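Working notes for the structure below.
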Amino acid sequence: MTRLSRALRGLVTALATVLAVTGASVTAEATTRPKAPGDFVALRTVDPTIIQEMRYFTRHNFVGERIDGYRQPLCILTRPAAEALHRAQTKLLRAGYTLKVYDCYRPQRAVNHFVRWAKDLDDQAMKGEFYPNVDKSRLFDDGYIAAKSGHSRGSTLDLTVVKLPTRPTRPYHPGEPLVPCYAPKDRRFPDNSVDMGTGFDCFDTLAHTLDPRIQGEQRANRLLLKNTLEGLGFVNLAEEWWHYTFKPEPYPDTYFDFPVSSTSLTNSK
């Protein structure tokens with residue numbers, strides 16, 4: 001055997017070893033990648049009529065970039081929460097409205113992303129829209145950011161109401177001028193939602209569901225959402241008109257970290 005032949009054989013052997021090790025690593029990663037329990041579902045498989053505008057898959061959120069763990073613009077919930085939401089949608093459709101979700105299950109890695117962002121006081125790119133009156137150093141103390149979120153348990157979601165027939169919300173263009181989230185509806189970032197008095201994820205006391213400064217049509221719209229959902233087992237977070245949790249939660253003490261993706265679901269379709 002020539003020296004060249006021995007060298008080539010050695011190279012082939014080395015490559016085969018590398019490929020075998022790499023393949024084993026990939027297989028192990030695929031096997032150990034976190035998956036959702038069997039009773040988590042994609043909302044669209046329970047009710048495809050509910051609009052999904054998954055903000056954390058986009059750059060239009062208080063961080064200004066796609067959030068870790070959001071691999072698809074997909075609403076995932078525990079089945080009991082999804083089925084209760086379907087019942088709410090049925091009621092609202094009869095009245096000429098539809099639900100729209102902004103966020104559903106949220107992996108722990110996304111919450112960790114929020115925490116890292118909140119600690120970086122120099123990053124205030126989205127302040128003009130989402131927290132114009134709040135000093136970023138106060139986000140933890142004021143309860144806007146926390147190390148754990150009920151969303152990670154799978155039965156909490158953020159949502160609103162849209163009047164039928166719907167019109168699509170225009171896309172957000174990174175770098176466009178920001179308008180405070182509590183500005184009048186015709187001035188703040190357009191949303192096909194009914195007027196709730198503030199935009200989604202508005203870090204301001206005006207976003208408190210029953211803030212007395214919110215009156216007239218805006219208050220009526222908040223109460224439409226609140227009364228519809230609370231009659232079906234959902235509980236509102238008083239500080240956020242958009243935030244609801246279905247009770248009793250199947251996983252009241254478990255914070256999941258599987259990615260927001262159809263591949264995370266055992267029974268994905």
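Readers should treat all values here as calculations from the given coordinates under stated rules, not as data from a laboratory. Quick caveat, the model's predicted, so the values are computed rather than measured. Neighbour counts are summed over all protein chains in view; Cβ atoms, including those assigned to glycine, are modelled from backbone coordinates with ideal geometry.
Remarks
- Residues I76, I214, ranked from the fewest to the most other C-beta atoms within 10 Å, line up as I214, I76.
- Exposure proxy for K247, K136: other Cβ atoms within 10 Å of each Cβ, ordered fewest to most, give K247, K136.
- Extents of the range 37-264, largest first, come to 41, 40, 30 Å (Cα atoms, principal axes, whole angstrom).
- Of all DSSP beta bridges in the range 37-264, antiparallel share, percent nearest 5: 85
- When each of L74, L93 is scored by the number of other beta-carbon atoms lying within 10 Å, the sequence from fewest to most is L93, L74.
- When the trypsin sites (Lys or Arg not before Pro) in the range 146-203 are filtered for DSSP coil states and for at most 14 other beta-carbon atoms within 10 Å of their beta-carbon, the remaining sites are K148, R187.
- Span-rule helices in the chain, defined as complete DSSP H runs reaching 27 Å or more along the axis (Cα) with Kyte mean at least -1.0: 3-32
- Set against the 2.2 N^0.38 Å expectation for a compact globular protein, the range 70-137 has a Cα radius of gyration ratio of 1.55.
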